[in-house]
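The values are calculated or read from the model by the stated rules, or taken from the named source; none is laboratory data. Every value quoted in this text rests on a predicted model; they were computed, and no experiment measured them. Here the Cβ positions follow ideal geometry from the backbone for every residue, glycine too, while neighbour counts run over all protein chains shown.
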Amino acid sequence: MESRILGRFARNLCTAMTQRLQRLLDNNRHWAQHEQERDPAYFSKLLGQQAPEFLWIGCSDSRVPANQITGLAPGEVFVHRNVGNLVVHTDLNCLAVIDFAVDLLHVKHVIVVGHHGCSGVRMALRRSAGGLAEHWLRHLQDVQGKHAALVDAVAGAEEKVNLLAELNVLEQASNVCESTIVREAWRQRADLTVSGWIYSLRDGLLIDLGFNVDGRTDLDSARSGSLALIRSRYGC
């Protein structure tokens, strides 16, 4: 009797999982049909090109889809995402993406994009993560420690989250600039700019944090200018 009950439970669970996944497959069919009706050459054009001008380094948060919020079509933006939009010099995954984008695709812009209300930032502030997530978010806590006086000066909990998200963009964009990949590209006079933006979930708008660096820009001056802009946004 017990084995039959367990077997029925397993079959029902499997059916429910299949139905949830089938919704994605059905959505895909509707989307593909819609795109072909809108433009019969849509997919054949995609086959023949991947020449994006932009590399987007963003957070894994499902509410921040790069193509959708920038109004760009598939093939127009190369995307790397991880929890907290971190650029760590020992993260071979992220570095391989930057290398591919800069050396092979010859993108013109690398944009590090954080977002307000970031769960990773919130967990880093609360020290509430465990396991590998705790290890990964230590990089965010390092950013918090570096800017402790500024973060502590902000009273509201949600304001702290948003401020740290912006400071994190500044630090990760700086890490991109200091990578051997980008430094070598600039040494070879590549037309490449690194920028830092924040995305507001409240109104769907992207905000330029004033960090825009190319091979001729003084990085320290760019950092100082962006930090001053972030301070002013929080009245600090």
Out of L132, L164, sole residue that is in the same structural domain as H106 (by TED's automatic domain parsing), in a helix (DSSP H, G or I) and either surrounded by 20 or more Cβ atoms within 10 Å (Cβ to Cβ) or among the basic types (K, R) (or both): L164
Residue within the stretch 189-196 that is in contact with a Cys (Cβ under 9 Å, 6 or more places away or on another chain), assigned by TED's automatic domain parsing to the domain that holds V87, over 23 Å from V161 (Cα atoms) and not aliphatic (A, V, I, L, M) present: no
Those residues of the stretch 132-156 which are within 23 Å of W197 (Cβ to Cβ) and more than 20 Å from the chain's Cα centre (by Cα), in sequence order: K146, H147, L150, V151, V154, G156
Any hit, the stretch 104-115, residues being under 22 Å from I230 (Cα atoms) and outside any strand (DSSP E or B): no
Enumeration of residues in the stretch 26-47 that are under 16 Å from G75 (Cα atoms) and part of a loop (DSSP other than H, G, I, E, B): D39, A41
Test set (1) surrounded by fewer than 16 Cβ atoms within 10 Å (Cβ to Cβ); (2) assigned to a helix (DSSP H, G or I); (3) touching a residue at least 12 places away in the same chain (Cβ under 8 Å) - V182 fails condition number: (1)
Single condition A155 does not satisfy, out of (1) modelled with pLDDT under 95; (2) under 20 Å from V107 (Cβ atoms): (2)
Out of Q144, Q68, Q50, sole residue that is polar (S, T, N, Q) and buried (at least 19 other Cβ atoms within 10 Å of the Cβ): Q144
